[in-house]
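Before any comments, here is the structure.
Any read-out appearing in this document is the output of simple, stated calculations on the displayed coordinates, not a laboratory observation. All of these numbers come straight from a predicted model, not from anything done at the bench. FYI the Cβ positions are ideal-geometry reconstructions off the backbone, even for glycines, and counts take in every protein chain you see.
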Amino acid sequence: MINFLDLKAINKRDEKDLQIAFKKVLESGWYIQGEFLKNFEDEYAEFCGTKYCIGVANGLDALILTLKAWLELGYIKSGDEVIVPANTYIATILAISANNLKPVLVEPDEKTFNLSLEEIKKNFSKKTKVIIPVHLYGQLCEMEKIIAFAKQENILVLEDSAQAHGAIEDGIKAGAWGNASAFSFYPGKNLGALGDAGAITTNDKNLKEILETLRNYGSNIKYKNEYKGLNSRLDELQAAFLSIKLKRLEEDNICRRQIAKRYSSEIKNNLIQIYTHEQENHVYHLYVVRTKYRQQLMNFLNRHEIQTLIHYPIPPYEQNAYKELRNIKMPTTSQIHREILSLPISPVMKQDEVEKVIKACNSFNIR
Ligand SMILES: *Cc1c(COP(=O)(O)O)cnc(C)c1O
């Protein structure tokens, strides 16, 4: 079976270094908010090209805490509208509603699955105070246009970069475009911990300082609480692991791009729609195709011992958690959710496995 993602094989590559890191943390006797976190924060800020990186417990908290910090700083206020793509993973929307802000869902562009300036403008109002471009599947949104528009309208941009570690355009990486950017280091992401972890990158010193407080009960000085914060810290152990895995990120992304390039040029089947992208702005967290015959293709590939997944089967506004959004109509997003399928892609995938996926896709036929 070609697994969709073999996390064990991915982490096995660093087994020795991870064990050394474990031992160092164990013997330090200091497990939260110490040197390993500081080191990783510095390394990741440098990697992204931002002044600051603030480690938190996971990607959802990175989004929640950034919006909460902007509320505390008075940059935005309760009830403000936040533009967000309708086809994102639900975490992006959860962060908005958790802060009593109003999600304004917009249709993605059909070719990139991402937010476009055109759709942003259609949904923009006087109440819009934040745009959250999600670099879905690993591809950067059209950030130059979005940032120029946000500056002109004097509103904030929070990148959801949870799937786009290292994606770059015009020399600017995911994480360095917006006023702030949220990252997830969930194990399956391009940069993944051995458990939950997340971070925010920014150049805003005020934001950095308040985030360091908010992630730690709203406290900077022990037992003095300035804000109603959370407990959302990135453990020393995970930070130490992430420093090791960060060394491989660029190389892994190149590997993902090479597989994607092969899929895009060698899969030739009228029943399967392939999307070709500029190489550098995409780190292929996922390789997504579209087909009217999704269930048939999934079954067919499964019979050929190829595991596929759907990202995501149900859009956020059709979830029971968001009954209040049930009435909105998103025909493009709904259709995307019916037709998308993610093929296996990862830095430990072998060329003969890539070959097998291509061959199987090319031999797919309906009856
Ligand atoms: C993974 C992900 C998140 C949430 O990250 P967690 O670390 O799982 O909380 C948020 N947004 C997007 C687009 C994601 O893919």
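In the range 151-282, Rg over Rh equals 1.07, where Rg is the alpha-carbon radius of gyration and Rh the Kirkwood radius from pairwise Cα distances.
Projecting label points 7 angstrom from Cα along Cα→Cβ for residue 244 and residue 13 puts them 1.4 nm apart. Restriction of the trypsin sites (Lys or Arg not before Pro) in the range 37-91 to DSSP coil positions whose beta-carbon has at most 16 other beta-carbons within 10 angstrom yields 51, 77. Pull out a ≥ b ≥ c, the square roots of the eigenvalues of the alpha-carbon gyration tensor of the range 275-319, then state rounded if a/c is under 1.5, prolate if not and a/b is larger than b/c, and oblate in the remaining case. Verdict is oblate for the range 275-319.
Reducing the range 166-192 and the range 295-367 to their Cα centroids gives an inter-centroid distance of 24 Å. In order along the range 201-214, the phi-based Karplus estimate (6.51 cos²θ - 1.76 cosθ + 1.60, θ = phi - 60°) of 3J(HN,Hα) comes to 10, 6, 9, 8, 5, 4, 5, 4, 5, 6, 5, 5, 7, 4 Hz; Gly and Pro are listed as x. Using DSSP to call loops (not H, G, I, E or B), can you name the trypsin sites (Lys or Arg not before Pro) in the range 135-239 whose Cβ has at most 10 other Cβ atoms within 10 angstrom? Those satisfying the criteria are 222, 228.
State the three equivalent ellipsoid semi-axes of the chain, derived from the C-alpha gyration tensor as the square roots of 5 times its eigenvalues, in descending order and whole Å.
Numbers: eigenvalues 219, 149, 57 Å².
Those come to 33, 27, 17 Å.
The shape of the range 1-59 comes out oblate: with a ≥ b ≥ c from the C-alpha gyration tensor, a/c is at least 1.5 while a/b does not beat b/c. I need the shape label for the range 213-367. Rule: rounded when a/c is under 1.5, else prolate if a/b > b/c, else oblate, with a, b, c from the alpha carbon gyration tensor. Verdict is oblate for the range 213-367.
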